[in-house]
Amino acid sequence: MAKNIIKKPLNERIARYREFAGYSQATAAKELGMKVGTYGRLEREGNPSPELLMRMSVLFNVNVNVLLFGEEYDAGKEEKKFEEQQKVFTRLN
């Protein structure tokens, strides 16, 4: 579903995932407790606070990392990277 928006800027990913979730700007704004104009500016500028970004990820049912970075986040893959980094660090010390 998201492959065509992976490399888009944050504001465009926010808009697309809102649309995928079936929300209008007005409904998303209401659910997030903000004015429609404020929400519209957020989709134009893409500068949500960390708290708002988390709330949007819950509302749109998408991982916050997908909103931020535009790619699927795999916790297992990240854990493996961390373990490899720890091994390298241990060998260096």
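The values are calculated or read from the model by the stated rules, or taken from the named source; none is laboratory data. Since this is a predicted model, take the numbers as computed values, not measurements. With ideal geometry, Cβ positions are generated from the backbone for all residues, glycine too; neighbour counts draw on all protein chains shown. Surface areas here come from the heavy atoms of the whole protein model, side chains and all, with no ligands, DNA or RNA. Shrake-Rupley method; radii C 1.70, N 1.55, O 1.52, S 1.80 Å.
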For Ser49, state whether it is surrounded by fewer than 16 Cβ atoms within 10 Å (Cβ to Cβ) and at pLDDT 95 or above.
no
Take Gly40 and decide whether it is on the phi > 0 side of the Ramachandran plot and open to solvent by less than 90 Å² (accessible area, probe 1.4 Å).
no
Residue list for the range 20-37, restricted to those being in a helix (DSSP H, G or I) and modelled with pLDDT of 95 or more:
Gln25, Ala26, Thr27, Ala28, Ala29, Lys30, Glu31, Leu32, Val36, Gly37
Per-region count, the range 57-81, residues exposed (fewer than 13 other Cβ atoms within 10 Å of the Cβ), hydrophobic (A, V, I, L, M, F, W, C) and at pLDDT 65 or above
1
Just to be sure before I move on: is Tyr17 part of a helix (DSSP H, G or I), among the aromatic types (Phe, Trp, Tyr) and either in contact with a helix residue (DSSP H, G or I) (Cβ under 8 Å, 6 or more places away or on another chain) or open to solvent by 50 Å² or more (accessible area, probe 1.4 Å) (or both) in the structure I sent?
yes
Flagged pairs (Cβ under 6 angstrom, 6 or more apart or on separate chains; first in the range 12-30, over 14 Å from Leu52 (Cβ atoms); second of a type in the set (Ser, Thr, Tyr) and assigned to a helix (DSSP H, G or I)) are Gln25/Tyr39
